[in-house]
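Here's the structure, in C-alpha cells; my notes come after.
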Amino acid sequence: MRTIHQTHRRCSAFSLTEALVSMALGLITMGGLIGGFLQSAMEAEWSSYSLAAQAQALRGVEQTRAAKWDRLGFPAVDQVVPENFPVRVEILDIPMRGDNIVYVTNFTTITSVSANPPLKLVRVDSVWGFPNRGLFTNSALTYRAPDQ
C-alpha cells in the first residue's frame, strides 16, 4: 500500500517528454534572440554604409556649388561643366578594422535645364557595395544658377 507522501512525489515530477519539449522551446527562443541580434547588427552596419555614401554624394554637390559660374564677369567663367568633375573612387568614411575598406564611386552629371534664365541640374550618384547584398546607389540633386 502506498503512502500519501509517495503518491505526491510521483505526481510532482516532470516526464522526459516534458523536459525535452521545454528544452526545445528554450533553444528555439535563444536561436531567435541570437538571429534577431545578428540581423539588427547587419542592418546597423548597412545603415552606416548608406549614410557615409550619402555624405559622399552631398560632398560632390557642394563641390559643384563652390565652382565659379559668372556670366557677367570679364571674361565670363563657367566651371560648372562635366569635365571639371570626373568620376572619383574614394574610401567610405566608416569605422575600419584594417581589412574592411569599402570603396565608393562618385558620378557627377550636369545637365543644362534652361538657357534663359540660365539653370543647370547637378546630380551626384555614389555607388557602393555591401557584402552579400550587391551594389547600392545614393543620389543627391540640386539646381544651380550663375553666381550673382
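Some notes on this structure:
- Filtered residues of region 1-19 (kept if open to solvent by 100 Å² or more (accessible area, probe 1.4 Å) and either at pLDDT 70 or above or not in a helix (DSSP H, G or I) (or both)): MET1, ARG2, PHE14, LEU16
- For region 112-148, taking the residues that are of a type in the set (A, V, I, L, M, F, W, C) and open to solvent by 50 Å² or more (accessible area, probe 1.4 Å), the one that is modelled with the lowest pLDDT is identified as ALA115.
- The lone exception for THR64 - which of (1) in contact (Cβ under 8 Å) with a residue 60 or more places away in the chain; (2) not in a helix (DSSP H, G or I); (3) not hydrophobic (A, V, I, L, M, F, W, C) it fails: (2)
- Among residues of region 88-111 being surrounded by 11 or more Cβ atoms within 10 Å (Cβ to Cβ) and aliphatic (A, V, I, L, M), the one that is farthest from GLY60 (Cα to Cα) is MET96.
- The requirement of being within 17 Å of LEU141 (Cβ to Cβ), out of contact with any His (no Cβ under 7 Å at 6 or more places or on another chain), free of Cβ contacts under 8 Å to residues at least 60 places away in the same chain and loosely packed, with under 11 Cβ neighbours inside 10 Å is not satisfied by ALA76.
- Filter pass, ARG59 being modelled with pLDDT of 90 or more, open to solvent by 80 Å² or more (accessible area, probe 1.4 Å) and not in a strand (DSSP E or B): yes
- Taking region 62-73 as the range and being closer than 22 Å to LEU141 by Cβ and open to solvent by less than 50 Å² (accessible area, probe 1.4 Å) as the test, the residues that pass are THR64, ALA67, TRP69.
The values are calculated or read from the model by the stated rules, or taken from the named source; none is laboratory data. These numbers come from a predicted model, not from an experiment. Neighbour counts run over all protein chains shown; Cβ positions are idealised from the backbone, glycine included. In case anyone asks, the SASA skips ligands and DNA or RNA and just uses the protein heavy atoms, side chains included. Shrake-Rupley method; radii C 1.70, N 1.55, O 1.52, S 1.80 Å.
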